[in-house]
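Note sheet for the following structure.
The values are calculated or read from the model by the stated rules, or taken from the named source; none is laboratory data. No experiment lies behind these values; they were computed from the predicted model shown. Cβ placement follows ideal geometry from the backbone for every residue including glycine, while neighbour counts extend to all protein chains displayed.
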Amino acid sequence: MHIVILTSAYKESIFSFLKGLNIENCRNCKREIEANVKKCPYCGILNPTIKIKDVWIGIAVVLGFMSFYMLFFK
């Protein structure tokens, strides 16, 4: 008879799959968390699933719209 010991991370991933939650990795501690949380429950970082690349793309889009507006509607 074999005894299987499940780690907490493995249990979390199984339960989240069964619940149908949207799971992503925290950008700081790399643990699996829900995608819509505002603060990582493990390391405490704010907005843990937002990627830095997404922030820079957002800034570029806003600057692009501002440049377009200044160029054609001034």
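What the table below lists for this structure:
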item	result
The stretch 39-72 - residue that is over 21 Å from the mean Cα position of the chain (by Cα) and hydroxyl-bearing (Ser, Thr, Tyr) and, of those, nearest to Arg27 (Cα to Cα)	Ser67
Of all residues making up the stretch 51-74, the number that are assigned to a helix (DSSP H, G or I) and among the basic types (Lys, Arg)	1
Residue list for the stretch 36-70, restricted to those being among the β-branched types (Val, Ile, Thr) and touching a strand residue (DSSP E or B) at 6+ places or on another chain (Cβ under 6 Å)	Thr49
Tabulated pairs, the stretch 31-49, first closer than 16 Å to Leu21 by Cα and among the acidic types (Asp, Glu), second at pLDDT below 90 and assigned to a loop (DSSP other than H, G, I, E, B), C-beta under 8 angstrom, 6+ apart or interchain	Glu34/Leu21; Glu34/Asn22
